[in-house]
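The values are calculated or read from the model by the stated rules, or taken from the named source; none is laboratory data. Owing to the predicted nature of the structure, the values given are computational and were not obtained by experimental measurement. Because the Cβ atoms are built from the backbone with ideal geometry, glycine has one as well, and the counts that use them run over all protein chains shown. To get the accessible areas, we keep the full protein, side chains included, count just its heavy atoms, and leave off ligands, DNA and RNA. Shrake-Rupley method; radii C 1.70, N 1.55, O 1.52, S 1.80 Å.
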Amino acid sequence: VQLQAFGGGLVRAGGSLRLSCAASGRTVSSSVMGWFRQAPGKEREFVSGIRWSPAVTYYADSVKGRFTISRDNAKNTVYLQMNSLKPEDTAVYYCAADRDITRSPYSRDRYHYWGQGTLVTVSS
């Protein structure tokens, strides 16, 4: 599975961005797509996830009500709509596809395939 994430950029606090993650390759082997982020000096953390079918979604508490994940099965693409952005949302955002379905969708250990990351910077 190959993943390509894009859509990051610089935005002011309160603004919005939409990230996209295009998947190719053996996507049928993946059941959940996730978004993670890593801020400077911090560990990579779970942000959101979605099953290809049915579209069950998962969110970290820190982004609930502000971020919305969605997917387009026909395009093998997952989106992360980020609204009401805060400076603490600043990070490199990575999309990921799972392989170990025994792990929780919230766990980094579930995911095996990673995109290259896209930088989101939120200014105050």
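Among what's in the range 62-104 and is open to solvent by 40 Å² or more (accessible area, probe 1.4 Å) and of a type in the set (Lys, Arg), pick the residue that is modelled with the lowest pLDDT. Among those residues, the one meeting the criterion is 99. Criterion applied to 93, 113 was being among the aromatic types (Phe, Trp, Tyr), closer than 28 Å to residue 14 by Cα and touching a residue at least 24 places away in the same chain (Cβ under 8 Å), and the one residue passing it is 93. Taking every residue in the range 45-68 that is among the hydroxyl-bearing types (Ser, Thr, Tyr) and pairing it with any residue that is assigned to a loop (DSSP other than H, G, I, E, B), at least 6 positions away or on another chain, the pairs with Cβ-Cβ distances below 8 Å are 48/60; 48/63; 58/105; 58/106; 68/83. Scanning the range 23-43 for residues that are crowded, with 17+ Cβ neighbours inside 10 Å and farther than 22 Å from residue 73 by Cα yields a total of 1. On the given criteria, is residue 46 under 14 Å from residue 120 (Cβ atoms), among the hydrophobic types (A, V, I, L, M, F, W, C) and crowded, with 16+ Cβ neighbours inside 10 Å? Here the answer is no, as residue 46 does not meet what is asked. Somewhere in the range 106-120, is a residue more than 14 Å from residue 1 (Cα to Cα), open to solvent by less than 50 Å² (accessible area, probe 1.4 Å), in a strand (DSSP E or B) and not β-branched (Val, Ile, Thr)? Looking through the range 106-120, none of the residues is more than 14 Å from residue 1 (Cα to Cα), open to solvent by less than 50 Å² (accessible area, probe 1.4 Å), in a strand (DSSP E or B) and not β-branched (Val, Ile, Thr).
You will find that of 20, 53, the residue that is under 20 Å from residue 75 (Cα atoms), hydroxyl-bearing (Ser, Thr, Tyr) and out of contact with any strand residue (DSSP E or B) (no Cβ under 6 Å at 6 or more places or on another chain) is 53 and no other.
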